[in-house]
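Comments concern the structure below.
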Amino acid sequence: MKSRTGLRVDVLEGARIAVFSLRANRLRTVLTTMGIGIGVATLLAIIGIIQGLNTSFHRQLATFGANTLYVSKFPWIIKGDWWKYRNRKNFTLEQLPRLRAMAPFITAMSPSVSRMSDVSYGGEQVSTVRIQGVNHEYLTIAGYDITSGRYITEADEEVTRPVAVIGADVADRLFPGISPLGRSIRVDNRSFQVVGTLSRKGKMVNESMDLLVLIPFKTFYANFGKGRPFEIAMAVGDASQVGMAEDQLIGILRRLRGTEPGEPDDFNINKPSMMAQTYAQLTGALYGVAVGVGLITLLVGGIGIMNIMLVSVRERTREIGVRRALGARKRTIVIQFLMEAASVSAVGGLLGTTVGLGTAKVVSLITPLAADVQASTILGGVFFAAMVGLLFGIWPAARAANLDPVEALRYE
């Protein structure tokens with residue numbers, strides 16, 4: 001009990017002396033606080049921005065739908081020899097009804113082919129718009145909603161009607177303040193009548209998903225050529241069945257395309273989760289480097305604390321000698337200097353946390369990145385900074401406690 005009481009007295013007395021010392025050396029305290037604060041701010045700003053990027057990416061990825069699959073002769077992310085994929089056989093329109101009949105787990109299916117083009121109306125023009133040929137089931141797969149007008153019908157497909165459903169960005173830029181329904185837009189000097197508008201989806205990897213014009217698949221081929229390979233977009237009944245559906249689809253596609261046993265697949269089944277895996281691989285290294293930079297900055301701040309504390313020990317050598325001569329124990333001296341280092345570091349951590357999270361929040365306001373700032377993060381930042389101060393204050397505290405009282409009293 002006496003030991004606990006003595007420790008409590010040492011801590012309280014150490015804290016009092018530490019506060020007095022910090023107030024007596026205001027300039028030194030401010031400079032030391034800035035050093036650790038910059039380190040904490042850098043680390044938390046980097047972590048906050050990267051976490052915001054991750055949240056934004058996964059939110060955008062969710063717009064693809066968890067129950068969708070996309071079959072193509074090309075993988076979404078090509079690794080290795082591009083010509084290996086280029087020389088694969090194209091899918092044909094005649095294969096689609098056979099595929100649908102052989103795969104009862106598919107609830108919606110659409111061929112999909114696209115190109116980039118300029119779109120104009122009157123004197124207005126929008127560049128690099130994705131013109132996509134699809135069928136009447138594509139809306140269910142892609143997860144868009146119709147905000148006005150209607151979507152593509154089977155009749156539009158059968159007679160290759162030149163109709164278009166336009167994305168939100170195209171509608172806003174070409175038809176500000178007026179309804180686009182019934183008006184004709186021009187795509188590569190070809191006229192298409194707008195019959196509907198799509199709901200807004202936002203951006204995916206910094207590319208707008210609303211710079212889009214959907215037209216009937218056969219209309220696309222009639223206007224822009226039949227030589228373009230297309231992919232097959234499909235929806236599975238339930239997200240939990242996607243893995244099973246993918247396994248079954250491999251066998252169905254091999255039979256449909258006449259792939260001999262032992263030969264590799266000459267197609268790829270793409271899905272949104274593959275993009276998430278690739279994204280994690282690409283950002284994992286970036287995350288490590290960014291956090292490393294932040295930790296190095298924090299390390300520099302910690303070294304600054306240690307240097308300042310060593311200077312403080314040298315300046316207060318006589319004071320330490322007097323206290324030891326009057327009966328102060330080594331533990332008391334150690335606690336005093338550790339409290340001083342932890343206090344200045346904690347203050348720097350509080351300021352750094354505020355600046356770092358504030359920076360991440362500002363970035364979230366001017367970019368699509370999301371920032372989730374919680375009170376626990378602030379407390380964690382202050383605690384972490386205090387631990388850094390304790391760590392780098394151990395050597396100066398030990399050096400102060402181990403001073404010889406007699407020699408310390410003689411120090412000038």
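The values are calculated or read from the model by the stated rules, or taken from the named source; none is laboratory data. This is a predicted model, so every value here is computed, not measured. Cβ atoms come from the backbone with ideal geometry, glycine included; neighbour counts cover every protein chain shown. Areas reflect the complete protein model, heavy atoms only, side chains present, ligands, DNA and RNA absent. Shrake-Rupley method; radii C 1.70, N 1.55, O 1.52, S 1.80 Å.
General remarks:
- Count of residues meeting criterion [modelled with pLDDT of 95 or more and of a type in the set (Ser, Thr, Tyr)] in the range 197-218: 1
- Enumeration of residues in the range 244-278 that are more than 21 Å from Tyr85 (Cβ to Cβ) and within 15 Å of the chain's Cα centre (by Cα): Ala276
- Positions within the range 108-123 being within 35 Å of the chain's Cα centre (by Cα) and either at pLDDT below 90 or of a type in the set (Lys, Arg) (or both), in sequence order: Arg115
- Filter result for Ala360 (within 20 Å of Ile36 (Cα to Cα) and modelled with pLDDT under 75): yes
- As a summary of the residue check, Ser148 satisfies the conditions (1) part of a strand (DSSP E or B); (2) within 18 Å of Tyr121 (Cα to Cα) except for the one numbered (2).
- In the range 122-163, the residue that is surrounded by the most Cβ atoms within 10 Å (Cβ to Cβ) out of those that are of a type in the set (Asp, Glu) and over 23 Å from Gly202 (Cα atoms) is Asp156.
- Selection over the range 94-122 of residues that are of a type in the set (Gly, Ala, Ser) and either in contact with a Pro (Cβ under 6 Å, 6 or more places away or on another chain) or within 30 Å of Gly177 (Cβ to Cβ) (or both) gives a count of 4.
- Considering residues of the range 270-290 that are surrounded by 15 or more Cβ atoms within 10 Å (Cβ to Cβ) and modelled with pLDDT of 75 or more only, the residue nearest to Ile77 (Cα to Cα): Asn270
- Qualifying residue in the range 53-64 (condition: within 23 Å of Ile152 (Cβ to Cβ), at pLDDT below 70 and surrounded by fewer than 19 Cβ atoms within 10 Å (Cβ to Cβ)): yes
- Counting only residues that are of a type in the set (D, E, K, R), touching a residue at least 12 places away in the same chain (Cβ under 8 Å) and open to solvent by 60 Å² or more (accessible area, probe 1.4 Å), the range 299-328 holds 1 of them.
- Among the residues listed as Arg190, Arg228, the single one being among the basic types (Lys, Arg), modelled with pLDDT of 90 or more and either more than 28 Å from the chain's Cα centre (by Cα) or open to solvent by less than 20 Å² (accessible area, probe 1.4 Å) (or both): Arg190
- Taken together, the residues in the range 101-144 that are in a loop (DSSP other than H, G, I, E, B) and among the polar types (S, T, N, Q) amount to 1.
- Failed condition for Ala171, given (1) touching a residue at least 40 places away in the same chain (Cβ under 8 Å); (2) surrounded by 18 or more Cβ atoms within 10 Å (Cβ to Cβ): (1)
- Look at the range 284-298: where a residue is within 15 Å of Leu53 (Cβ to Cβ), no partner that is among the small types (Gly, Ala, Ser) and outside any helix (DSSP H, G or I) sits 6+ places away or on another chain with Cβ atoms under 7 Å.
- The one condition in (1) assigned to a helix (DSSP H, G or I); (2) open to solvent by less than 70 Å² (accessible area, probe 1.4 Å) that Pro97 fails to fulfil: (2)
- One residue stands out in the range 69-94 among those that are surrounded by fewer than 11 Cβ atoms within 10 Å (Cβ to Cβ) and within 18 Å of Met274 (Cα to Cα): the one that is farthest from the chain's Cα centre (by Cα), namely Gly80.
- For the range 363-412, filtered to residues that are modelled with pLDDT under 80, within 19 Å of Leu310 (Cβ to Cβ) and outside any loop (DSSP other than H, G, I, E, B), the residue that is most open to solvent (accessible area, probe 1.4 Å) is Glu407.
- Filter pass, Phe267 being closer than 30 Å to Pro162 by Cβ, surrounded by 12 or more Cβ atoms within 10 Å (Cβ to Cβ) and modelled with pLDDT of 85 or more: no
- Residue in the range 80-93 that is assigned to a strand (DSSP E or B) and either charged (D, E, K, R) or touching a residue at least 24 places away in the same chain (Cβ under 8 Å) (or both) present: no
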